[in-house]
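The values are calculated or read from the model by the stated rules, or taken from the named source; none is laboratory data. Every value quoted in this text rests on a predicted model; they were computed, and no experiment measured them. For neighbour counting, all protein chains shown are included, and Cβ atoms are generated from backbone atoms with ideal geometry for every residue, glycine included.
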Amino acid sequence: MKGGKTAAALRALAGGTPAPHKRRLAKRSRYFRSSASEFLGTEAWEEEGIRVSELLGSLDLLREENDFRLGAFVTLLGFETAGKFRAACVNVMGRTMEQLERILAGEIVRYYLAAEDLALRGLAMREDAMGIRAREVYWGSEDVPTEPFLDRWSAAEFAKPEWIAKMREEFG
């Protein structure tokens, strides 16, 4: 980390303590309560909205579990008060902190949904029983998918290749 501080040290400076592992609720994934199969038959925009809300809910839960204090955090960032930090968000970015969180969560969700489409395409290209099942979900047919692929990953490769590169760098 920058300045040689560990995540635990920064969390301690911000007034938080690690949450006990046992207090976590049983989840289907680390950040989302819903599984991909629950979204079959729904529109892409509906799934994206639900996943953004789930991700923001997980962020709120982590803040609560770790006793996160905004005042201590913004001091670490070099601001005198949380109010000045909020004003800087509006003045520099033209958005409130909550709006910026929602925008960032949306970007993360869009990236992972696109990556999910890419993984599903890879399954659909296989020549086994799993591939045939995946084709119906991905392609709507038992035929092997062919270019041009009309999924979120292909759209991002075409329209935003630098976005994909940056998101891969940040999130793997």
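Restricting attention to region 129-143 and to residues that are hydrophobic (A, V, I, L, M, F, W, C) and surrounded by fewer than 17 Cβ atoms within 10 Å (Cβ to Cβ), the residue that is nearest to the chain's Cα centre (by Cα) turns out to be Val137.
Could we say that Thr81 is over 18 Å from Gln99 (Cβ atoms), polar (S, T, N, Q) and either surrounded by 15 or more Cβ atoms within 10 Å (Cβ to Cβ) or at pLDDT 80 or above (or both) here? Yes, satisfied.
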